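A short worksheet on the structure shown next.
The values are calculated or read from the model by the stated rules, or taken from the named source; none is laboratory data. This structure is a prediction, so every number in the text was calculated from the model and none was measured. When we count neighbours, we look across all protein chains shown, and the Cβ atoms used for this are built from the backbone with ideal geometry, even at glycine.
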Amino acid sequence: MINETQQLSERERQILYLVASGRSNQQIANELGISINTVKVHLRNVFGKIGAASRTEASMYAVRTGIVTVDRAVAGPSPVGESEVLPLPAAEELVAEPEPETTAPLPDDNGASAPEVGALPQTAETPPPFQDRAEPQPAVVTPAVAPRDTAVNTPRGRRSKAMLALLAICLLVLTLGGVAVAWLVRAGDAGDAQTQEAARFNQARWKELAALPTARAGFALAAVGEQLFVIAGENERGVLNTVERYEPRSGDWQERAQKPTPVTDVRAVTIGQKLYIPGGRRSADPKDIVAAFERYDPRTNRWEKLADLPQPRSGYGLAALEGKLYLFGGWDGTSYRDEVFAYDPSGNAWSELEAMPTARAFADAAVVEGSIFVLGGENKAGPVANNEQYLPAQEDTQPWVNRPPLPRPRSRFSTAVALGNIYVFGGDAAADALQYDARTERWQSFEAPAIIGSQPGATLFDETIMILGGKLGPGAFSTTMYSYQALFRTLLPGS
C-alpha cells in the first residue's frame with residue numbers, strides 16, 4: 001500500500017482524499033485556500049501518477065490504497081424494500097405427495113435446478129392402484145408351490161404397508177420440519193445479533209456537539225475552510241438575519257455581521273471562499289418571497305448585494321458545481337416551480353436552463369461527480385419521492401435523468417455527500433436517516449439518535465457530517481448539533 005502511494009506528494013494525497021470524499025474542484029479550492037486552476041493542475045498530476053482517467057477511478061484508487069475508507073451506515077439492516085426472511089411452506093405442502101418424476105424441478109436464484117421448498121425426498125416407485133373387484137379376472141395357471149403365509153400380499157396387507165409408509169414419511173417430515181424451524185430460529189437469533197451489533201456501531205458514529213446559540217430552522221449553512229456559518233432562518237420569534245460562526249476544532253460559537261435581508265427557507269453554497277444566499281421568505285406570510293441575492297465574505301465579515309434572481313424564490317434546491325451556482329424549483333409565493341437558474345459569479349449574471357421534470361419546492365440538491373441530484377420535496381399533491389439527476393454537460397440535449405426514488409415521499413430535509421453517497425437527514429415526519437449510493441443506485445435507511453425535525457442544516461466537514469437545528473413542531477425549534485462519522489481517514493507516511 002505504501003509503495004503505491006509514496007509517489008504522491010502530501011498535497012496530492014490531500015487532494016485525492018478530498019476527491020474521493022465527493023468534493024468538487026471548487027469545494028477543494030475553498031477548503032485548501034487555493035485557486036481552482038491550481039486544483040486542476042494537482043488533479044492532472046495525480047491522475048497521471050496513479051493512472052486514473054476519471055474521478056471515479058481516482059476514488060476507487062484512494063479506497064483501495066487506504067487513503068480513505070468508508071463503512072456503510074447500514075452494515076446490518078437490509079436495503080429498503082427487500083425482505084430478509086423467506087416464508088415457510090404451508091402445512092399442507094409439508095405432507096403433500098411427491099411430484100411425479102416427470103415434473104421439472106424449480107430453478108434456484110442462479111438458474112440452476114433445485115428441489116421445491118418443502119418437497120419430500122424421492123421414494124420408491126408408487127405401487128399401482130388396486131384393481132376394481134367388479135371386473136372378472138382371467139384365470140392364471142401356475143405351477144404348484146409349497147403353501148406359505150400370504151397375508152401381506154392381500155389388499156388389506158398392501159393397505160397396511162401404504163399406511164406404514166405414509167406414517168414414516170409424516171414422521172420424517174415432522175423431524176425435518178423441526179430441524180428447519182430450529183435452524184431458522186438460530187439464524188434469526190444470529191441475524192438479530194448482527195442487526196443489534198450494526199445498530200450499536202451506527203450509534204457510535206453519532207456525537208452530540210455544542211448547541212447552537214440560537215434555535216432555528218430553514219437557515220442557510222455552509223463551510224469555509226475550517227469554519228461553519230449558520231445564516232438567517234426562523235424560530236419562535238420570527239424570521240432572522242443573525243449569522244453565527246462555529247469552529248469545530250474548538251467548539252466555539254461567535255456572532256458575525258448580520259445579513260442585510262432577514263429570510264428563511266433558504267440555502268447557501270460556497271464559491272471562491274464566499275457564501276451565496278439567494279431569495280427566501282421575508283416574513284410569516286407565505287407570499288412574502290424575495291428575489292434579493294446576497295454574498296458574504298468571511299475574511300472581511302462583510303455582506304454584498306448581487307444581481308437579483310430572475311424571479312422571487314424560496315424553498316429551492318441549491319448546488320455549486322465548477323464555479324457556478326444552480327438553483328432548482330422552489331416556491332414563488334403562489335405556486336411550485338420547475339425552473340432551473342444558473343448564476344456565473346464572473347459576470348454577476350443569471351441564466352435559465354432546462355426545467356426540472358417535476359415542479360416542487362423544499363427539495364435538496366446534492367453534487368456527485370460532475371452531476372447534481374435533486375431529491376424529494378413537495379408540490380400541490382404533497383410530499384414527493386422523486387430523484388432526478390441533472391447533467392450540466394448535456395444541457396444542450398437532454399440533461400435530466402430519472403433515478404430510483406426515495407423509499408417514501410419526503411420533504412424539508414437536508415443532504416450531505418461523502419464518497420459518492422448522498423445522506424438525507426431530517427424532514428417532515430421523518431425519524432430515520434437515508435443513504436443513497438449513486439454508483440449502485442440503492443437506497444438504505446439507518447437510525448438517527450433522535451428526531452432531527454424539518455429544515456435542519458447538514459454539510460460535510462472533513463470525515464464527518466454536521467447536522468444541526470431544525471423544527472420539531474409548532475413553535476418548537478432545535479439548538480441541537482450532531483456529527484456523524486461518514487468517512488475514516490487512514491494516515492500514510494509521507495514520501
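Quick notes on this structure:
Residue-by-condition table, conditions (1) within 12 Å of the chain's Cα centre (by Cα); (2) β-branched (Val, Ile, Thr); (3) within 18 Å of residue 446 (Cβ to Cβ):
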| position | (1), (2), (3) |
| --- | --- |
| 363 | no, no, no |
| 372 | no, yes, no |
| 394 | no, no, no |
| 397 | no, yes, no |
| 404 | yes, no, yes |
| 407 | yes, no, yes |
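- Residue selected from segment 27-43 under the condition surrounded by fewer than 19 Cβ atoms within 10 Å (Cβ to Cβ) and modelled with pLDDT of 80 or more, by the criterion farthest from residue 437 (Cα to Cα): 38
- Residue match in segment 272-284 (condition: part of a loop (DSSP other than H, G, I, E, B), under 26 Å from the mean Cα position of the chain (by Cα) and surrounded by fewer than 23 Cβ atoms within 10 Å (Cβ to Cβ)): no
- Residue in segment 352-372 that is in contact with a Lys or Arg (Cβ under 9 Å, 6 or more places away or on another chain), in a strand (DSSP E or B), within 30 Å of residue 39 (Cβ to Cβ) and free of Cβ contacts under 8 Å to residues at least 40 places away in the same chain present: no
- Within segment 203-222, the set of residues being assigned to a loop (DSSP other than H, G, I, E, B) and of a type in the set (S, T, N, Q) comprises just one member, 214.
- Every residue from segment 285-320 that is small (Gly, Ala, Ser), assigned to a strand (DSSP E or B) and over 20 Å from residue 225 (Cα atoms): 291, 292, 314, 317
- In segment 9-26, the residues that are modelled with pLDDT of 80 or more, within 24 Å of residue 224 (Cβ to Cβ) and not in a helix (DSSP H, G or I): 23, 24
- Index of the failed condition, residue 410 passing every other in (1) surrounded by fewer than 21 Cβ atoms within 10 Å (Cβ to Cβ); (2) in a loop (DSSP other than H, G, I, E, B): (1)
- So residue 229, is it at negative phi and in contact with a Lys or Arg (Cβ under 8 Å, 6 or more places away or on another chain): yes
- Filtering segment 223-266 to residues that are buried (at least 18 other Cβ atoms within 10 Å of the Cβ), outside any strand (DSSP E or B) and touching a residue at least 60 places away in the same chain (Cβ under 8 Å) leaves 233, 248, 265.
- Residue in segment 385-399 that is surrounded by the most Cβ atoms within 10 Å (Cβ to Cβ), counting only those that are of a type outside the set (S, T, N, Q) and in a loop (DSSP other than H, G, I, E, B): 399
- Residues located in segment 342-351, provided they are part of a strand (DSSP E or B) and surrounded by 12 or more Cβ atoms within 10 Å (Cβ to Cβ): 342, 343, 344, 350, 351
- Selection count, segment 306-336, where residues are farther than 14 Å from residue 350 by Cα and either in contact with a His (Cβ under 7 Å, 6 or more places away or on another chain) or exposed (fewer than 15 other Cβ atoms within 10 Å of the Cβ) (or both): 3
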